[in-house]
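Read through the structure below, which is laid out as structure tokens, and then see the notes.
Here, each number is a calculation from the coordinates, and none is a lab measurement. The structure presented is a predicted model; accordingly, all values stated were derived computationally and were not measured. Quick reminder, even Gly has a Cβ in these numbers, built from the backbone with ideal geometry, and neighbours come from all protein chains shown.
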Amino acid sequence: MFRKKTRMHAMLDKVRLSQRMIAEELQVDPPSVSAWVSLKRMPRKDKLVELARMLQVDLGYLTALFVADEVISRHGPEISRQVAQLLAEDAQKMVSNAQ
């Protein structure tokens, strides 16, 4: 069965990390990481912060991925694209204002 690749998969590939490596570093079980990568479950805040660090992405961006996926599952892909775009813009503004 073919699994849909998420943006999280692409981020893992980019930084050359495996799910097992993340599980070991964050001291969680591999099924938890699998659920995060497939965007089925959001990690606790402390793990989310560390995951963003490991993936070399902004915490706001990573959080937006999880929120956007939740919106997709509830309201369909069209609304999710709009919400994801708005969240990404807000996250970028927050980063710009922090600098």
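Structure summary
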quantity: Rg over Rh [alpha-carbon atoms, Kirkwood Rh] for the chain; calculated: 0.97
quantity: Compactness of segment 1-57, expressed as Rg and Dmax over alpha-carbon positions, Å; calculated: 10.5, 33
quantity: With at most 14 neighbouring Cβ atoms within 10 Å, loop trypsin sites (Lys or Arg not before Pro) (DSSP) excluded, longest segment of the chain; calculated: 45-99
quantity: Whole-Hz ³J(HN,Hα) from phi, Karplus 6.51 cos²θ - 1.76 cosθ + 1.60, for segment 30-37, glycine and proline x; calculated: x, x, 5, 5, 4, 5, 5, 5
quantity: Net lengthening on full extension, His75/Met54 (0.36 nm per residue, minus Cα-Cα); calculated: 4.5 nm
quantity: Partner lysines for Lys5 [C-alpha distance under 19 Å; skip if fewer than 8 residues away on the same chain]; calculated: Lys14, Lys40
